[in-house]
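What follows draws every value from the coordinates through simple rules; no lab data is involved. None of the values given here were measured: they were computed from a predicted structure. When we count neighbours, we look across all protein chains shown, and the Cβ atoms used for this are built from the backbone with ideal geometry, even at glycine.
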Amino acid sequence: MEQKILKLIKKYNKIVIARHTGGDPDALGSTFAMKEIILKNFPKKEVYVAGTAISRFKFFGVHDKITDEMQDGALLIALDIPDIRRLDGVDFYKFSDVIKIDHHPEIDKFSNYQIVNEDASSACELVARFAYKCNLKMTKHAAECLFMGIVADTNRFLFGANKKETYQTVLQLIEKEHINPNELYEILYKKPMSEVRLEGFISLNMKVTKNGLGYVKISDENLKELKTTSASVGGLMNNYNFIDGLICWVVFTEDKKNNVIRASARSRGVKINKLFEQYNGGGHVYACGAKLNSFSEANEIIDKLDDLCYEYHNNDL
């Protein structure tokens, strides 16, 4: 499949690369790295990256404002996304062809040219493996983007990095592209004091049910007091992975600007992705998100997650 995808990339002079809404380091790293890899090997092509800019991740690159002209008759490369409706910044139906590279459980099969591997640690790992299998040249910055995406999605290799291919890919990035992991860790994990205080707020206000579900609701007023935004929550979710007695946890954050309640959830055994797909969201089996209309929907999810935790405890899953 890698050679078929490469052939399709060679065919098009106009290429748009997109990822899921609310881009994280894996989504951002894979898209900007793919752009640089294509331009390094085919410098005459027009390559654009779609999506809403995320200020704390400026290191990865600058997003393009996608116009109809850029999309019409172009090739779309969709990375780190299992379904069409969560594509950020593009109109899927304007493109002539689509390539999909992803590591989530598949929701939409929207391309005949796809690499979908749930066992891969990240979309960044899959992009790196694609580039090396096709003997494509890579810029140092592209390699840095890919490394940070792998590190972030595995939480520094604590989970999701259970295949030797992940470590082999990381070793190639370090040895072949001469990247410095220590410098990249500092870029990726340095955070403002407001985010530290947000983590403290979550820890102090998390309610835990007898079934092992932890949940927190954060209002717009809370965010203003903490001098932070709803976008900061996602980067903190993995910090609760090793708390005894907690098997599933969810944070609901009011996003006044976009008039939604952002839900972010993690689990250590309870399968939660199907539930979040019912609420205009989804993700991995044990790591999901959604955009809700109200805190009333948040209450529904809390009740349903608690039921799933109860069933999990009783071995009914």
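Descriptive notes on the structure:
- Degrees separating the helix 164-177 axis from the principal Cα axis of the chain, which is the longest one: 50 degrees
- Helix axis angle, 123-133 relative to the chain longest principal axis, alpha carbon, degrees: 20 degrees
- HN-Hα J in Hz across region 80-91 - Karplus 6.51, -1.76, 1.60, θ = phi - 60°, x for Gly and Pro: 6, 8, x, 9, 5, 5, 9, 5, 9, x, 9, 9
- DSSP bridge orientation in region 193-313 - percent antiparallel, rounded to nearest 5: 75 percent
- Cross-linked pairs Lys109/Lys257; Lys14/Lys58; Lys58/Lys100; Lys224/Lys257; Lys140/Lys191: Cα-Cα separations exceed 21 Å for Lys109/Lys257; Lys14/Lys58; Lys58/Lys100; Lys140/Lys191.
- Sorted on the mean count of surrounding Cβ atoms within 10 Å across their residues, most packed first, peptides 166-174, 91-99 read 166-174, 91-99.
- Three principal axis lengths of region 193-313 [C-alpha, angstrom, descending]: 38, 29, 22
- Region 2-189: mean projected area of Cα convex hull, nm²: 9.5 nm²
- Acute angle (nearest 10 degrees) that the helix 2-11 long axis makes with the longest principal axis of the chain, alpha-carbon atoms: 60 degrees
- Most fluctuating residue given options His20, His178, His103, as computed from a GNM of the chain linking Cα atoms under 10 Å: His178
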